[in-house]
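Before any comments, here is the structure.
The values are calculated or read from the model by the stated rules, or taken from the named source; none is laboratory data. Here the structure is a predicted model, which is why all the values come from computation and not from measurement. Don't worry about glycine lacking a Cβ; one is built from the backbone with ideal geometry, like all the others, and counts go over all protein chains shown. Ligands, DNA and RNA are excluded from the accessible area calculation, which covers all protein heavy atoms including side chains. Shrake-Rupley method; radii C 1.70, N 1.55, O 1.52, S 1.80 Å.
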Amino acid sequence: MKICKITTLLLLLSMITGMAAGCGETVQETETSADTAETETAPTETELTTALPADLDFGGESVTIHARGDDDSFLEVYTEELNGDVLNDAIYNRNAAVEELLNVDIIGYRGGGWQTYYNGNSDVPKIKASITAGDNAYQCISGWNSRISSLAMEGYLHDLNDKPYLDLGQPWWNQTSREGLTIVGKNFFVTGDISFLTTLGGSYVLFLNDTVAENYGITGLVDTVLEGNWTMDAMIEATSKVYDDLDGNGTMNESDRYGFIIDYDNSGDSFYTSADIHQIDVDEKGYPTFAPQQERVSTLWDKLSAYYYNGSLVGSMYQKSADIQCDMFKNGLALMIQRELDNARTYFRDMDDSFTILPYPKLDAQQDQYYTNATTGVSIWCVPADNKAVDTACAVMEAMAYETWKNVTPAYFETCMQGKYARSEETVAMLELVRNGVVVTREYIYSPYFGSAEKIIMKLSGDENLQIASWYASNTQSIEQTVENTVALLEEMQ
């Protein structure tokens, strides 16, 4: 594989350094213009490398990695052969490099897709049964975060803190998730560049159709973002300028043009994150506590609710299928759409109109930075308790994370995003802000154990009659009880 430019590698270093700030902590923002942003992110040389001993040799040991079966979550783990695709070949070469470095044989096991986690046929109980039986069927697991967290809470995993060969303070490990995945000093999961397609690629962003913006006289949004003034109010002002009943039937449908196309599930979570709302805190002992932010949630919902229930005011269409939404955006029927960043590589790569990627807005201009929701599809890595060769598993994960950071993520970002699919220099500047704001928090990862407090916007967007006060009245006691039960469970684990 062709070695990626050092400039891109170091831009990625700045990305993951930016990820190290947890929710509510300030991260330095780019100043007021794309030119300034380009100057301020100019890299300098580094020789950062792993601390893995050069003479590590595991004697050809097989390392089977259980991965969720969806295309992106499996591809970031394993591919059988070279096929000429940039990402496929970068991942193949990464695994080959790790195999040669450590003298191991990496085997990818393709588990079920995300749908199985909702129909009762999840891989999770099968994994638990395998670990209980001591099968040692899988040496590592790359699992769907909020669905696999039960493995940690029920004692099926090794604590990865202070394990040989894992250097979790390095930039190829997402430091925000390191904090968010830590439970009373124990860390059962890790993620970062090793999960680049589901973390960076799965981050939710806004796509702006440049042609529609120009036709409606909507200008200067990138400058607004760089000035720190891209807020919910600014977004509403822009999208409200666009609605045309193109088929003339007096009904808002997929034949019309809109300011914003919004979905149900992930949009709610993404606005919750971008507004810097987090309702699960930890006490001085590291135990979780419920810290409701009803006032901030109310402020967000007052601004956001029109997108779901009063689209004529803000130029929005709500709750069509992803294919319909993306086709509409590609065909110039929307100013903005909210989708995963990787859609630039998949859905929109053959789009005729140019587009610009924007971060989700702040709740208000006083918010310290832009925050990016890495969706609940993020893959997190762990080592099953029946694996006695923990050193081998940890060395493989460390080497894979490093090699991904060094070669695969740059291939993804430079070739797929900045080069072929990012249509403008402004998009490149926006991507810097998006990736610097990515957060993966305990509130999402351990959601079932914290009463799913973060799902409030999703619940409101799915029920027009639901009120914030009634949601808190109905859910506070059960959330507090769930958190108390989780604390009791954690105390038993100590």
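Run down Tyr412, Tyr370 and say which single residue is surrounded by 21 or more Cβ atoms within 10 Å (Cβ to Cβ), on the phi < 0 side of the Ramachandran plot, touching a Phe, Trp or Tyr at 6+ places or on another chain (Cβ under 9 Å) and at pLDDT 90 or above. Write out each step before concluding.
On the way: Tyr412 fails: at pLDDT 90 or above.
Only one candidate passes the filter, namely Tyr370.
If I ask for residues that are hydroxyl-bearing (Ser, Thr, Tyr) and either in contact with a Cys (Cβ under 7 Å, 6 or more places away or on another chain) or open to solvent by less than 10 Å² (accessible area, probe 1.4 Å) (or both), which ones from region 328-349 would you list? Give the derivation first.
First, pick out the residues of region 328-349 that are hydroxyl-bearing (Ser, Thr, Tyr): 346-347.
Result: Tyr347, single match.
Checking Asp386 against (1) under 22 Å from the mean Cα position of the chain (by Cα); (2) part of a loop (DSSP other than H, G, I, E, B); (3) under 28 Å from Arg68 (Cα atoms), which single condition isn't satisfied?
With (1) under 22 Å from the mean Cα position of the chain (by Cα); (2) part of a loop (DSSP other than H, G, I, E, B); (3) under 28 Å from Arg68 (Cα atoms) applied to Asp386, the lone miss is (1).
Residues to consider are Tyr272, Tyr204, Tyr287; find the one that is hydroxyl-bearing (Ser, Thr, Tyr) and open to solvent by 10 Å² or more (accessible area, probe 1.4 Å).
Working: Tyr272 fails: open to solvent by 10 Å² or more (accessible area, probe 1.4 Å); Tyr204 fails: open to solvent by 10 Å² or more (accessible area, probe 1.4 Å).
Of Tyr272, Tyr204, Tyr287, the one residue that is hydroxyl-bearing (Ser, Thr, Tyr) and open to solvent by 10 Å² or more (accessible area, probe 1.4 Å) is Tyr287.
Identify, by number, the condition in (1) within 29 Å of Met153 (Cβ to Cβ); (2) at pLDDT 90 or above; (3) open to solvent by 10 Å² or more (accessible area, probe 1.4 Å) that Asn407 doesn't meet.
Unmet condition: (1).
Residues that are of a type in the set (Phe, Trp, Tyr) and either part of a helix (DSSP H, G or I) or within 24 Å of Thr211 (Cβ to Cβ) (or both): does region 280-291 have at least one? Working first, answer last.
Let us first name the residues in region 280-291 that are of a type in the set (Phe, Trp, Tyr), namely 287, 290.
Remaining after also requiring either part of a helix (DSSP H, G or I) or within 24 Å of Thr211 (Cβ to Cβ) (or both): none.
No; the residues of region 280-291 include none that is of a type in the set (Phe, Trp, Tyr) and either part of a helix (DSSP H, G or I) or within 24 Å of Thr211 (Cβ to Cβ) (or both).
Just one of Ala97, Ala129 is at pLDDT 95 or above, farther than 18 Å from Phe196 by Cβ and either surrounded by 19 or more Cβ atoms within 10 Å (Cβ to Cβ) or not acidic (Asp, Glu) (or both); which is it? Spell out how you get there, then give the answer.
Details: Ala97 fails: farther than 18 Å from Phe196 by Cβ.
None of the others qualify; the one that does is Ala129.
Residues Ile236, Ile337, Ile324: which one is in contact with a strand residue (DSSP E or B) (Cβ under 7 Å, 6 or more places away or on another chain) and β-branched (Val, Ile, Thr)?
Details: Ile236 fails: in contact with a strand residue (DSSP E or B) (Cβ under 7 Å, 6 or more places away or on another chain); Ile324 fails: in contact with a strand residue (DSSP E or B) (Cβ under 7 Å, 6 or more places away or on another chain).
Going through Ile236, Ile337, Ile324 in turn, the sole match is Ile337.
Can you find a residue that is crowded, with 24+ Cβ neighbours inside 10 Å, of a type in the set (A, V, I, L, M) and touching a Leu at 6+ places or on another chain (Cβ under 8 Å) anywhere in region 468-476? So that I can check it myself, show each step before the final result.
Here is the first cut: in region 468-476, the residues crowded, with 24+ Cβ neighbours inside 10 Å are none.
No, region 468-476 contains no residue that is crowded, with 24+ Cβ neighbours inside 10 Å, of a type in the set (A, V, I, L, M) and touching a Leu at 6+ places or on another chain (Cβ under 8 Å).
What single numbered condition from (1) at pLDDT 90 or above; (2) open to solvent by 30 Å² or more (accessible area, probe 1.4 Å); (3) closer than 18 Å to Val378 by Cβ fails to hold for Thr211?
(3)
Among the strands (runs of 3 or more DSSP E) contained in region 56-145, which hold 3 or more residues that are touching a residue at least 60 places away in the same chain (Cβ under 8 Å), under 16 Å from Val396 (Cβ atoms) and over 22 Å from the mean Cα position of the chain (by Cα)? So that I can check it myself, show each step before the final result.
Details: elements: 61-67, 104-110, 140-144.
In region 56-145, 61-67 are the strands (runs of 3 or more DSSP E) which contain 3 or more residues that are touching a residue at least 60 places away in the same chain (Cβ under 8 Å), under 16 Å from Val396 (Cβ atoms) and over 22 Å from the mean Cα position of the chain (by Cα).
Confirm whether Asp244 is touching a residue at least 24 places away in the same chain (Cβ under 8 Å) and surrounded by fewer than 15 Cβ atoms within 10 Å (Cβ to Cβ). Reasoning before the result, please.
On the way: touching a residue at least 24 places away in the same chain (Cβ under 8 Å): no; surrounded by fewer than 15 Cβ atoms within 10 Å (Cβ to Cβ): yes.
Answer is no for this residue.
Criterion first (over 18 Å from Ala234 (Cα atoms) and of a type in the set (Gly, Ala, Ser)) does Ala275 satisfy it? Talk me through it step by step, then tell me what you get.
Details: over 18 Å from Ala234 (Cα atoms): no; of a type in the set (Gly, Ala, Ser): yes.
When the stated conditions are applied, Ala275 does not pass them.
Of the numbered conditions (1) over 20 Å from Thr191 (Cα atoms); (2) under 23 Å from the mean Cα position of the chain (by Cα), Ala473 satisfies every one except a single condition; which is it?
Every listed condition holds for Ala473 apart from (2).
Could you count how many residues in region 160-192 are open to solvent by less than 10 Å² (accessible area, probe 1.4 Å), in contact with an Asp or Glu (Cβ under 7 Å, 6 or more places away or on another chain) and in a strand (DSSP E or B)?
Count: 1.
Could you tell me whether Ile106 is buried (at least 19 other Cβ atoms within 10 Å of the Cβ), in contact with a strand residue (DSSP E or B) (Cβ under 8 Å, 6 or more places away or on another chain), farther than 28 Å from Val439 by Cα and aliphatic (A, V, I, L, M)?
On the way: buried (at least 19 other Cβ atoms within 10 Å of the Cβ): yes; in contact with a strand residue (DSSP E or B) (Cβ under 8 Å, 6 or more places away or on another chain): yes; farther than 28 Å from Val439 by Cα: yes; aliphatic (A, V, I, L, M): yes.
The answer is yes for Ile106.
When Asp70 is evaluated against the numbered criteria (1) closer than 20 Å to Gly201 by Cα; (2) surrounded by fewer than 18 Cβ atoms within 10 Å (Cβ to Cβ); (3) of a type in the set (Asp, Glu), which criterion, by number, is the only one it fails?
(2)
Select from region 111-126 the residues that are crowded, with 16+ Cβ neighbours inside 10 Å and either among the polar types (S, T, N, Q) or over 12 Å from Arg147 (Cβ atoms) (or both) and list them in ascending order.
Residues satisfying the conditions are Thr116, Ser122.
Within region 64-84, how many residues turn out to be within 16 Å of Thr404 (Cβ to Cβ) and of a type outside the set (Ser, Thr, Tyr)?
Initial filter on region 64-84 (within 16 Å of Thr404 (Cβ to Cβ)): 65, 67, 72-79.
Now narrow it down to the ones that are of a type outside the set (Ser, Thr, Tyr): 65, 67, 72, 74-77.
Summing the residues that are within 16 Å of Thr404 (Cβ to Cβ) and of a type outside the set (Ser, Thr, Tyr) in region 64-84 gives 7.
Is it the case that Glu425 is open to solvent by 10 Å² or more (accessible area, probe 1.4 Å) and over 15 Å from the mean Cα position of the chain (by Cα)? Steps first, answer last, please.
On the way: open to solvent by 10 Å² or more (accessible area, probe 1.4 Å): yes; over 15 Å from the mean Cα position of the chain (by Cα): yes.
Yes.
Tally up the residues in region 125-148 that are touching a strand residue (DSSP E or B) at 6+ places or on another chain (Cβ under 8 Å) and more than 23 Å from Tyr402 (Cβ to Cβ), please.
Narrowing region 125-148 to residues touching a strand residue (DSSP E or B) at 6+ places or on another chain (Cβ under 8 Å): 127, 130-131, 136-145, 148.
Keeping just the survivors that are more than 23 Å from Tyr402 (Cβ to Cβ) gives 127, 130-131, 136-137, 144, 148.
Within region 125-148, residues that are touching a strand residue (DSSP E or B) at 6+ places or on another chain (Cβ under 8 Å) and more than 23 Å from Tyr402 (Cβ to Cβ) number 7.
In this structure, does Leu433 turn out to be hydrophobic (A, V, I, L, M, F, W, C), crowded, with 21+ Cβ neighbours inside 10 Å and within 16 Å of the chain's Cα centre (by Cα)? Talk me through it step by step, then tell me what you get.
Details: hydrophobic (A, V, I, L, M, F, W, C): yes; crowded, with 21+ Cβ neighbours inside 10 Å: yes; within 16 Å of the chain's Cα centre (by Cα): yes.
Answer is yes for this residue.
With the condition kept exactly as written, say whether any residue in region 293-316 is modelled with pLDDT of 95 or more and touching a His at 6+ places or on another chain (Cβ under 8 Å).
Looking for residues that are modelled with pLDDT of 95 or more and touching a His at 6+ places or on another chain (Cβ under 8 Å), one finds at least one in region 293-316, hence yes.
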